[in-house]
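Before I ask anything, here is the structure I am working with.
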Amino acid sequence: MRKILYVLSGNLSTTPRALQSILLAKQFYEVDIVAINRNKVWEEIDNKLVTENKFNYKLYSLTRKPFIKWFFATLINKICLLLYKFSKKNIKISAYASTKVAFILNKNLKNKNYDLIIGHSYCSIFPIYNFAKKNKIPFSFDIEDYHSGESISNDKYNEIERRKLLMKTILPKAKYLTYASPLIGKYSIDLIEKNNLPNHFLINNSFSQTDFEYFENKSNKIKFVWFSQTINQLRGLELALPALSKFKNQIEITLLGNLSQQFYDNFLYQFKDFVKIEKPLIQKELHKKLCEFDIGLAIEISNTDTNKDIALSNKIFAYSQAGLYVLATDTQAQKLFISENQNLGIIAKQTIEDFEIKIENIIQKITELRKQKLERYKYSKKLSFENESFKLSEIWKNIFIT
């Protein structure tokens, strides 16, 4: 049986694209997974997924336990930041200067018996390339985000250059590339010389339709929902909650995720009379929970970074597949999505005033929107991962045949 290695630079539970791909691959091939633990909460959810799906899974820590390994990875990162000033074209130094995760992963990729290596998330890009090159194994990389356009706070100019260097140097050598939105694909592919392009494919951030069940909500209050890995600042809640508060007697909103206590104390506390906060759930449980709501908030803020403007998050697909009506901010990617699927939602400008207008419009139409939920639920089956999975299956089949 062919054997595939997945390399993740975060937790499995916070990389739903990888999970979808892994579950598909596991039907046909032997699969190993190497990942990085960033948080105890996510590690616990990872363990549930591993037990449920019988994954062959190795998790390495980014936390200070064990301290010696963390300290050594940190030291390498600091040294490479110094060396980078004199070696700006060295991809290994650039990778280690960019993130200590690259060093941790590179050190722990050892088993050579693979037919394909698939990397997810930016920090895995150098380790998978380096390991594949040493052992003459084909590799691919999933571009979930436009990495040089993500929000960067430290050493911003140099970090953007490091990321561009790694993508320009490594991506052309991949057996194939996948990307998570049409615009992420365009921006990333534009970094590569036209005569050096590998095969590349759009794989949408959607989920298996079996995760979702039609649910008819008859509650008196209109139920809004938003989820994320972390409930924190700069995620759009500062825009949505003040607007929603104007209608707090008619609505309620549930936030699902790992709560930042500081964000709660500084901002969320003032909205506690109509906001419910629930802990993060594993993917299938989350998707069943989403079906209970009326309106899903896809509140990406485009001026945060380029990536937010061109990405299509898994939120907008999950809400749509659950049959919810989507209230989405006017990022480039979300405007394109709603324009192509106009029955699924509405676009709001990134102002509290326009959010209030759109929310009032939703309240006035809620009876009609609830009646249309089943129609949206059925329509969104065409977005499901079952359709995207055909692309991946064909890609792997062609690789292993040749």
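List the pairs from K194/K391; K289/K382; K246/K288; K88/K391; K48/K78 whose alpha-carbon separation is above 32 Å, in the order I gave them.
K88/K391; K48/K78, as the Cα separations exceed 32 Å there.
Does anyone have the angle between helix 40-53 and the longest principal axis of the chain? Alpha-carbon axes, 0 to 90°, nearest 10?
Orientation of helix 40-53: about 80 degrees from the principal axis.
Separate question: Where a ≥ b ≥ c are the square roots of the eigenvalues of the C-alpha gyration tensor, would you call the stretch 209-383 rounded, which needs a/c under 1.5, or, failing that, prolate if a/b is larger than b/c, or oblate?
rounded
Dipole of the stretch 68-219, Cα-centred, from +1 at each Lys and Arg C-beta and -1 at each Asp and Glu C-beta, to the nearest 20 debye?
Result for the stretch 68-219 is approximately 1120 debye, rounded to the nearest 20.
A follow-up question, please. When the scattering of the chain is computed by the Debye formula from its Cα atoms alone, each counted once and equally, what is log10 I(q)/I(0) at q = 0.07, 0.10, 0.14 Å⁻¹?
Values returned for q = 0.07, 0.10, 0.14 Å⁻¹ are -0.33, -0.69, -1.32.
Translational D (Stokes-Einstein, µm²/s) of the stretch 321-402 at 4 °C and 1.567 mPa s when Rh comes from the Kirkwood sum over C-alpha pairs?
Taking Rh from Cα pairs, D becomes 87 µm²/s.
Turning to a different aspect of this structure: Once you charge only the Cβ atoms, +1 for Lys and Arg and -1 for Asp and Glu, what is the size of the charge dipole of the stretch 1-145 about its Cα centre, to the nearest 20 debye?
Charge dipole of the stretch 1-145: 760 debye, to the nearest 20.
Rg and Dmax of the stretch 15-68 over Cα atoms: what are they, in angstrom?
Spelled out, the Cα radius of gyration and Dmax of the stretch 15-68 are 12.2, 39 Å.
Next up: Helix 67-84 against the longest principal axis of the chain: what's the angle in degrees, Cα atoms only, rounded to the nearest 10?
Here the helix axis deviates by roughly 80 degrees.
State the answer as a single residue: which of F390, A97, L197 lies farthest towards the positive end of the charge dipole of the chain, with beta carbon charges of +1 for Lys and Arg and -1 for Asp and Glu, about the Cα centre.
Checked the options; the winner is A97.
How large are Rg and Dmax for the stretch 203-268 when calculated on the C-alpha trace, in angstrom?
Reported Rg and Dmax, both Å: 14.6, 40.
Another one. Aspartates and glutamates within cross-link reach of K134: Cα-Cα under 17 Å, excluding same-chain residues under 8 positions apart?
D115
Oh, and also: Assuming a viscosity of 1.306 mPa s and a temperature of 10 °C, what translational diffusion coefficient in µm² per second does Stokes-Einstein assign to the stretch 80-215, Rh being the Kirkwood radius over Cα pairs?
The calculation lands on 100 µm²/s.
What number in nm² do you get for the stretch 1-93 if you take the convex hull of its Cα atoms and divide its surface by four?
So the mean shadow area of the Cα hull is 7.6 nm².
Which is the longest stretch in the chain that no exposed loop site breaks, taking sites as trypsin sites (Lys or Arg not before Pro) with a DSSP loop state and at most 11 other Cβ atoms within 10 Å?
Answer from the scan: 273-402.
What is the dipole size for the chain, taken about its Cα centre, with +1 at each Lys and Arg Cβ and -1 at each Asp and Glu Cβ, in debye to the nearest 20?
The dipole of the chain has a size of about 1560 debye.
Values in this text are rule-based calculations from the coordinates and carry no lab data. A quick note: this is a predicted structure, and the numbers were derived from the prediction, not measured. We place every Cβ from the backbone using ideal geometry, glycine too, and count neighbours over all the protein chains shown.
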